[in-house]
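The values are calculated or read from the model by the stated rules, or taken from the named source; none is laboratory data. This is a predicted model, so every value here is computed, not measured. Quick reminder, even Gly has a Cβ in these numbers, built from the backbone with ideal geometry, and neighbours come from all protein chains shown.
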């Protein structure tokens, strides 16, 4: 068979120039492995919640409330789901999810575990979503209070083996639960991120009653199942009707102008919808594009190495082309031969690449927070992607050599007139410039992301975030009434320096409220960011008072009549000359009256209460010592674990029947930049890989360059050229290429970076230093590669080279 | 008179560069009979190789007609010329032009592969020709492992394995010493005796003497023709 003949020849050619073959095939393999990993990442992101068989009929319903301030939440109040099912025949089912909090204390027999991602949910869970219940009855597993469905992994962890878990008891906080089912581990890409589900009906009936009567308490994510695909639905009327029929009468009961309305978010595409507050972490479509481009870049850089190898071999193969043509091979046959060869090498590289993927997948999963399996490689999408990569790379790398080689004229080649390598000099230079430009782009990109991240981490936020623990306070009147004594108990320990209760804290819960403010002797309604806090808030966060005074527990009227604003508020309201004493009202009612009417008593320096993605906004701080959603504890330095165990023991006395949920403020602040951090890490690693591949190419290319000009250099050497002269000769060439690559890469980098930085309100200036560093880095690698070859050349006997010619 | 296998009428070949045009062949009229052994002689640059390349269908003439086995193929498409080439023509070159990455056996087998001949038949044909050329013991060796004479014998074997009507030989002894050169010339004579037409380019009078007729070329023109007596050369 002719195929075998082709195979033999190409294999022997590869063996003949082992080093170069190895460089380009390994480079290609690494490039392909990178492309595959990136494709994995992208497809995993795109697959979020796509495994549910009823996905087309499922939508999340979200509630926007405008209740003295607007909140566009990813949540709804508790009764929304059941009410929709009851009122509208098109809605056939609902499932609600409520987080049980951050880290929970789980007691199994005598063992204590700390676990997170426990979700309260309805018994309809398994009817609507396709989470596979491995043991238990899907209809009954969550029907009834105090039932828990554990993931396989958790069941194993708690009870040694999965089979032993069913029917066993465990404590979550102080509540006892019975294991009523085992669900598959939450490894599939889903925004419903769980380790275990507990029955929603476990919530005490008094609380349930309270929640069910309140359409403004946003407590759960609610998914609705419709009897036809969501995209065919025209549900606007029903949503409007709901507001009209249910919300309006509810609002009337407390006589304000507040309102709430609803929106459907189809499950398809929900993962990339970042428009709602209080949402689970979502994907970022822009970053997916960036990653896709990155994957393509790496593939192109690796492919260019391979094209260069093919071109360098083409002279050697000219004779073969001549002979084959003389023996009757047509150009098409030769093109087929070279493309086929190429395909095989690319295929080989893909196999090696797949091996690399297998090796790297664990670390990649850790890096990206995914749980991708190697066997996912054989899914239809990935097989299509692989075919795409294979075809693209084969054509990119093989088409040009195939066309050029098959065009060699046998009548010339066979008389020993070989095409000069210079023929490809131009193309080679172009390829090299492309490679260098990509590398420069990647280095600049990585450095820029790094600087921005560093800036975000190091930026003075205007408050102290270290050693502050934020504790969630359960919304339970039994607990509420003892807040003050809990605070006193905590303060009695020297490990805890200070405690403040507040409704919000930077990075969390800062809401918006409708105020009426004094402007030019008139009162104007305006929606403004606010938080409510007690008098210790300023001290714990280290906020700086610029004018006036802080709240005082000694002044009774402060609760309703004192406000503290930030600098931006003063500026924005036109009060910068004299902010103190300006009038503010809130709690606006249907009759136009305000419940609270007071004056600005203090002005604090601006501090970043929301992430640096957002600009500084006006903020009003209300004094509310008795209504805290959060307790923030300032710990004494170096005694974190002691302080935490004190907190736990105090918590038992204070609210033992509720789980203790706490986070560190600095971690919370940092978590605002999680998606950028993932971007940086993934980008950084792949940039490194692409730079390595490009360096290998550079090394090979400088070796070709020297080889090509071997005769010229030997003559020059005989005429007295020193190694320095030779280095300068090649160096000038390379410098020109690097400069050209820089010229191409820099504007593109500058443009992309400025685009990316637009995501942040607080950004670094264009990091020109990174541009210089990138150029210098690339120049250094090029010079090293070149020097290596020149050094080798300088130690050769020129006479021997000329004799060989 | 036996029939003609090759015939050219007014064959011309021009090479153009940016500044000048060279006329490499100038109205060459040539006839070769079936079973003939002719040599084309002349000084370097007279157009010998150009003529051979056109006759061997590796190049197209700029003008004129070229009849191969009665059909004018001067302006046929490359694909059709490749078809005729692989079925009817064999080549022997001065620089052997064996493919370094293929063994002796594989090199000789190559034309048969392009003709789509079955593996068992190929094996038989290659074996036979290698024996005939006296290099069957070298079948698994690679070109670099052979002497020049041996390499050229492999090349002759490759040119003849598919039993072509014509063999074109371009300075077949140019890279060989006289002993190996004579070996190759004897092989070609032997092939000619069994009916193969041979067209050989050479500037060796000694080699030319193996042919029945020598055509002299000068500055792209045929300037004369000499009949050789084979017996003389072999004595």
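Of note:
- Residue in region B:180-198 that is within 14 Å of chain A (Cβ to nearest Cβ) and outside any helix (DSSP H, G or I) present: no
- Any hit, region A:38-51, residues being more than 30 Å from residue A:374 (Cα to Cα), surrounded by 20 or more Cβ atoms within 10 Å (Cβ to Cβ), in contact with a helix residue (DSSP H, G or I) (Cβ under 9 Å, 6 or more places away or on another chain) and more than 14 Å from every other protein chain (Cβ to nearest Cβ): no
- Among residues that are out of contact with any helix residue (DSSP H, G or I) (no Cβ under 9 Å at 6 or more places or on another chain) and surrounded by 18 or more Cβ atoms within 10 Å (Cβ to Cβ), residue A:199 is included.
- In region A:700-721, of all residues being in contact (Cβ under 8 Å) with a residue 60 or more places away in the chain and over 18 Å from residue A:426 (Cα atoms), the one that is nearest to the chain's Cα centre (by Cα) corresponds to A:710.
- Subset of region B:66-81 that is away from chain A (no Cβ under 11 Å) and touching a helix residue (DSSP H, G or I) at 6+ places or on another chain (Cβ under 9 Å) - its residue that is farthest from residue B:6 (Cα to Cα): B:76
- Answer residue from region B:106-124, given it is out of contact with any helix residue (DSSP H, G or I) (no Cβ under 6 Å at 6 or more places or on another chain) and part of a helix (DSSP H, G or I) and is farthest from the other protein chains (Cβ to nearest Cβ) among those: B:124
Quick grid of which residues meet (1) touching a strand residue (DSSP E or B) at 6+ places or on another chain (Cβ under 9 Å); (2) modelled with pLDDT of 90 or more:
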{"site": "A:37", "(1), (2)": "no, yes"}
{"site": "A:65", "(1), (2)": "yes, no"}
{"site": "A:73", "(1), (2)": "yes, no"}
{"site": "A:79", "(1), (2)": "no, yes"}
{"site": "A:85", "(1), (2)": "yes, yes"}
{"site": "A:89", "(1), (2)": "no, yes"}
{"site": "A:118", "(1), (2)": "yes, yes"}
{"site": "A:136", "(1), (2)": "yes, yes"}
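- Condition check for residue B:129 on (1) buried (at least 18 other Cβ atoms within 10 Å of the Cβ); (2) without any contact (Cβ under 8 Å) to a residue 60 or more places away in the chain; (3) within 13 Å of chain A (Cβ to nearest Cβ): one failure, at (3).
- Among the residues of region A:92-116, just one is within 35 Å of the chain's Cα centre (by Cα) and either on the phi > 0 side of the Ramachandran plot or in a helix (DSSP H, G or I) (or both), namely A:101.
- Strands (runs of 3 or more DSSP E) wholly inside region A:149-221 containing at least 2 residues that are within 22 Å of residue A:278 (Cα to Cα): A:196-199
- Test for residue A:358: is it under 30 Å from residue B:85 (Cβ atoms) and touching a helix residue (DSSP H, G or I) at 6+ places or on another chain (Cβ under 7 Å): no
- Failed condition for residue A:139, given (1) touching a residue at least 24 places away in the same chain (Cβ under 8 Å); (2) in a loop (DSSP other than H, G, I, E, B): (1)
- In region A:612-657, the residues that are within 30 Å of residue A:176 (Cβ to Cβ) and under 32 Å from the mean Cα position of the chain (by Cα): A:628, A:629, A:630, A:631, A:633, A:641, A:644
- You will find that of B:63, B:139, the residue that is more than 10 Å from every other protein chain (Cβ to nearest Cβ), more than 20 Å from the chain's Cα centre (by Cα), in contact (Cβ under 8 Å) with a residue 12 or more places away in the chain and within 30 Å of residue B:16 (Cβ to Cβ) is B:63 and no other.
- Criterion applied to A:26, A:22, A:7, A:14 was being free of Cβ contacts under 8 Å to residues at least 12 places away in the same chain and out of contact with any strand residue (DSSP E or B) (no Cβ under 7 Å at 6 or more places or on another chain), and the one residue passing it is A:22.
- Scanning region B:35-54 for residues that are outside any strand (DSSP E or B) and more than 14 Å from every other protein chain (Cβ to nearest Cβ) returns B:35, B:36, B:42, B:43, B:46.
- Those strands (runs of 3 or more DSSP E) of region A:454-546 in which 2 or more residues are modelled with pLDDT under 85 occupy A:511-519, A:522-533.
- Selection of region B:82-105 for residues being more than 8 Å from chain A (Cβ to nearest Cβ), in contact (Cβ under 8 Å) with a residue 60 or more places away in the chain and surrounded by fewer than 21 Cβ atoms within 10 Å (Cβ to Cβ) yields only B:88.
- The lone criterion from (1) within 10 Å of another protein chain (Cβ to nearest Cβ); (2) in contact (Cβ under 8 Å) with a residue 60 or more places away in the chain; (3) buried (at least 18 other Cβ atoms within 10 Å of the Cβ) left unmet by residue B:57 is number (2).
- Of the helices (runs of 4 or more DSSP H) lying entirely inside region A:324-434, those containing at least 1 residues that are in contact (Cβ under 8 Å) with a residue 60 or more places away in the chain and away from every other protein chain (no Cβ under 14 Å) span A:331-368, A:380-407.
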